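The values are calculated or read from the model by the stated rules, or taken from the named source; none is laboratory data. Bear in mind that the values here come from a model prediction, so they are computed numbers and not experimental data. Cβ placement follows ideal geometry from the backbone for every residue including glycine, while neighbour counts extend to all protein chains displayed.
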Amino acid sequence: MSTTSSPAEQPVLRDTIAGVRVADLARSHGTPLYVYDAEIIRRRCRDLAAWDTVRFAQKACSNLAVLALVRSEGVMVDAVSTGEIHRALAAGYAAHAAKAPATDGLPPVHPIVYTADIFDRESLDAVAKHGIHVNCGSADMIEQVAERVPGAEITLRVNPGFGHGHSQKTNTGGEGSKHGIWHGEIPEVLRRAEWAGLAVTGLHMHIGSGTDLAHLAEVAGALERVAGEIGRSLTTISAGGGLPVPYKPGEVHADLSGYFQLWDTTRRRLEDRFGHRLRLEIEPGRYLTAESGFVITEIRAVKKQGGRKYLLVDAGFNTLARPVLYGSYHPMSLCPQAGAASETLEEVAVGGPLCESGDIFTQTDGGFVATRPLPPAAVGDYLVIEIAGAYGFVMASNYNSKPLPAEVLVDGGKARLVRARQTPEDLVRGECV
Ligand code: LLP
């Protein structure tokens, strides 16, 4: 099959994913189906090799097979809940740092870091039981952890007073955000930590998700100022996540080497000031997995509502929530069942099966239905929703009592089921009449 591109130069026809035929994946595992290309995840991990530590924000894509894959690339992991701690351990991560100092003169790395603005009772139990390093996003966590893990070393997540994200809902800095310890509160928070007998060894800032390098670059200066207030107890600094990914036509990959240089220079200035080495971390979620992920759906109805044509597929916002939540754009491509498709494109809206008007994949922020140029499609054709590997499956739900889809990892041309599709029994597990 030839590849036709939309005027915007994204392929609108797709035959294979990572060398495996879309139709074979759909027939073997059913639809809707999440498929990840392992090689793309590896490539993205390696893009960040200059950093001392790449820590995967697993909230983006926490399937055990994906965690094991990034672990095999030397990537550490972040956990925001008891469930994510459990996943990290199940994927083979050690609970805490090796006692021996690393040979490169850097402080030992924490394989798992719990980063949150609260401990619920379960997560405090899990942190205490396994000895997981904690990144405190609220000062009240300090006394809570001190009571359970006396003498612990902690990291502070600081809100620098500004933030930026692809949506206001993913902006995690400034007064409009509940996240992090306010930068002006640091002297008081340090007193609290000292009083509680805890050492502040880490400093972390994450200003938002889906931001850009211009905004992210501002964080380095803000972190340097706060690091100066904390002083020599610091051994690790983290730039947080937020690295952008090109979703829309015309968007390109950011220049990550310049971004690393900026942070490396900041780190070296702090090392000179403190007289010891500092570990420099980055904490991407989206960057490592977004482009690896595809949702294969089947077109189940083609219809016209007045002048607008709709393709209705078997995935909805229960499968991929980003369009309904943020008006997010995902590229789409068609895989026709019956061989070659027409090269001409037509504008169509794409929606799902849910009983709610917002169940549209081609919508803009605010819920307005938009259209996409795609080749003419028929019932039974597959529609692939692309760049869906971050905040895709992990935000899927059972709304309308739809089962969570299966997940498949393709590696070396071989497709492996890494999560079974939910069954009707799974949907009612734990309920009673
Ligand atoms: N570190 C912390 C503390 C975070 O809260 C997050 C994301 C990350 C790192 C990773 O950010 P990333 O590199 O992925 O931008 N559901 C939204 C994104 C929510 C992000 C939540 N925190 C979406 O679909 O766009």
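Run down PRO375, PRO353 and say which single residue is touching a helix residue (DSSP H, G or I) at 6+ places or on another chain (Cβ under 8 Å), surrounded by fewer than 23 Cβ atoms within 10 Å (Cβ to Cβ), more than 30 Å from MET205 (Cα to Cα) and not small (Gly, Ala, Ser).
Answer to the check: PRO353.
Each row is one residue, and each column tells you yes or no for (1) away from the ligand (no atom under 16 Å from the Cβ); (2) not charged (D, E, K, R).
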residue: ALA126; (1), (2): yes, yes
residue: ALA139; (1), (2): yes, yes
residue: ARG157; (1), (2): no, no
residue: SER167; (1), (2): no, yes
residue: THR170; (1), (2): no, yes
residue: SER177; (1), (2): no, yes
residue: VAL189; (1), (2): yes, yes
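Going by the conditions given, is LEU325 under 25 Å from SER292 (Cα atoms), in a strand (DSSP E or B) and out of contact with any helix residue (DSSP H, G or I) (no Cβ under 6 Å at 6 or more places or on another chain)?
Working: under 25 Å from SER292 (Cα atoms): yes; in a strand (DSSP E or B): no; out of contact with any helix residue (DSSP H, G or I) (no Cβ under 6 Å at 6 or more places or on another chain): yes.
Judged against the criteria, LEU325 is not a match.
Do you know which residues across the range 217-252 are more than 14 Å from the ligand (Cβ to nearest atom), of a type outside the set (D, E, K, R), assigned to a loop (DSSP other than H, G, I, E, B) and out of contact with any helix residue (DSSP H, G or I) (no Cβ under 8 Å at 6 or more places or on another chain)?
Residues satisfying the conditions are SER233, THR235, PRO249, GLY250, VAL252.
For the structure I just gave you, tell me whether ARG322 is of a type in the set (Lys, Arg) and without any contact (Cβ under 8 Å) to a residue 60 or more places away in the chain.
Working: of a type in the set (Lys, Arg): yes; without any contact (Cβ under 8 Å) to a residue 60 or more places away in the chain: no.
Considered against the rule, which asks whether it is of a type in the set (Lys, Arg) and without any contact (Cβ under 8 Å) to a residue 60 or more places away in the chain, ARG322 comes out as no.
Residues checked against (1) without any contact (Cβ under 8 Å) to a residue 40 or more places away in the chain; (2) on the phi > 0 side of the Ramachandran plot; (3) not aliphatic (A, V, I, L, M):
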{"position": "GLY74", "(1), (2), (3)": "yes, yes, yes"}
{"position": "HIS86", "(1), (2), (3)": "no, no, yes"}
{"position": "ALA90", "(1), (2), (3)": "yes, no, no"}
{"position": "ASP117", "(1), (2), (3)": "no, no, yes"}
{"position": "VAL127", "(1), (2), (3)": "no, no, no"}
{"position": "GLY165", "(1), (2), (3)": "no, no, yes"}
{"position": "GLY173", "(1), (2), (3)": "yes, no, yes"}
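Scan the range 199-215 residue by residue and report those that are more than 10 Å from the ligand (Cβ to nearest atom) and crowded, with 22+ Cβ neighbours inside 10 Å.
Keep residues of the range 199-215 that are more than 10 Å from the ligand (Cβ to nearest atom), which gives 199-203, 212-215.
Within the range 199-215, GLY202, LEU203 meet the criteria.
Pairs please, first residue from the range 342-359 and hydroxyl-bearing (Ser, Thr, Tyr), second anywhere and in a loop (DSSP other than H, G, I, E, B) and buried (at least 18 other Cβ atoms within 10 Å of the Cβ), Cβ atoms under 8 Å, 6+ apart in sequence or on different chains.
SER342/PRO375; THR344/PRO375
Look through the range 127-161, keep the residues that are of a type in the set (Gly, Ala, Ser) and closer than 12 Å to HIS110 by Cβ, and return whichever of them is surrounded by the most Cβ atoms within 10 Å (Cβ to Cβ).
Taking the range 127-161 first, the residues of a type in the set (Gly, Ala, Ser) are 128, 131, 137-139, 146, 151-152, 161.
Now narrow it down to the ones that are closer than 12 Å to HIS110 by Cβ: 131, 152.
Numbers: GLY131: 14, ALA152: 21.
Among those residues, the one meeting the criterion is ALA152.
For ILE85, state whether it is at pLDDT 95 or above, in contact with a helix residue (DSSP H, G or I) (Cβ under 9 Å, 6 or more places away or on another chain) and surrounded by fewer than 23 Cβ atoms within 10 Å (Cβ to Cβ). Please lay out each step first, then the result.
Details: at pLDDT 95 or above: yes; in contact with a helix residue (DSSP H, G or I) (Cβ under 9 Å, 6 or more places away or on another chain): yes; surrounded by fewer than 23 Cβ atoms within 10 Å (Cβ to Cβ): no.
When the stated conditions are applied, ILE85 does not pass them.
Looking only at residues that are outside any strand (DSSP E or B) and surrounded by 15 or more Cβ atoms within 10 Å (Cβ to Cβ) in the range 338-350, which one is nearest to the ligand (Cβ to nearest atom)?
Of the residues in the range 338-350, the ones outside any strand (DSSP E or B) are 338-345.
Still in the list and also surrounded by 15 or more Cβ atoms within 10 Å (Cβ to Cβ): 341, 345.
Values: ALA341: 30, LEU345: 28 Å.
Going through the qualifying residues, I end up with LEU345.
Looking at the range 162-185 only, could you name the residues that are among the hydrophobic types (A, V, I, L, M, F, W, C) and either crowded, with 21+ Cβ neighbours inside 10 Å or part of a loop (DSSP other than H, G, I, E, B) (or both)? Full working, then the answer.
Let us first name the residues in the range 162-185 that are among the hydrophobic types (A, V, I, L, M, F, W, C), namely 162, 181-182.
If the condition is that a residue be among the hydrophobic types (A, V, I, L, M, F, W, C) and either crowded, with 21+ Cβ neighbours inside 10 Å or part of a loop (DSSP other than H, G, I, E, B) (or both), then PHE162, ILE181 are the ones that fit.
Can you work out which of the residues in the range 386-418 that are under 23 Å from ASP359 (Cβ atoms) and in a strand (DSSP E or B) is farthest from the ligand (Cβ to nearest atom)?
The initial filter retains those residues of the range 386-418 that are under 23 Å from ASP359 (Cβ atoms), namely 386-407.
With the extra rule that they be in a strand (DSSP E or B), the set shrinks to 386, 406-407.
Working: GLU386: 15, ALA406: 21, GLU407: 17 Å.
Once the filter is applied, the top-ranked residue is ALA406.
Please go through the range 14-72 and give me each residue that is among the β-branched types (Val, Ile, Thr), touching a Lys or Arg at 6+ places or on another chain (Cβ under 8 Å) and farther than 15 Å from ALA415 by Cα, ordered by number.
Across the range 14-72, the qualifying residue is only THR53.
So ARG46 clears everything in (1) in contact with a strand residue (DSSP E or B) (Cβ under 9 Å, 6 or more places away or on another chain); (2) at pLDDT 95 or above except one condition, right? Which one?
Every listed condition holds for ARG46 apart from (1).
Which residue pairs have Cβ atoms under 6 Å apart, sit 6 or more places apart or on different chains, and have a first residue in the range 280-303 that is touching a residue at least 24 places away in the same chain (Cβ under 8 Å) and within 12 Å of the ligand (Cβ to nearest atom) and a second that is aliphatic (A, V, I, L, M) and part of a strand (DSSP E or B)?
ILE282/VAL54; GLU283/ALA57; GLY285/ALA57
When residues of the range 304-324 are filtered for being of a type in the set (Phe, Trp, Tyr) and either in contact with a Leu (Cβ under 8 Å, 6 or more places away or on another chain) or within 15 Å of the ligand (Cβ to nearest atom) (or both), how many remain? If you could, list the steps in order and put the result at the bottom.
From the range 304-324, those of a type in the set (Phe, Trp, Tyr) are 310, 317; that's our starting set.
Still in the list and also either in contact with a Leu (Cβ under 8 Å, 6 or more places away or on another chain) or within 15 Å of the ligand (Cβ to nearest atom) (or both): 317.
Counting residues in the range 304-324 that are of a type in the set (Phe, Trp, Tyr) and either in contact with a Leu (Cβ under 8 Å, 6 or more places away or on another chain) or within 15 Å of the ligand (Cβ to nearest atom) (or both) gives 1.
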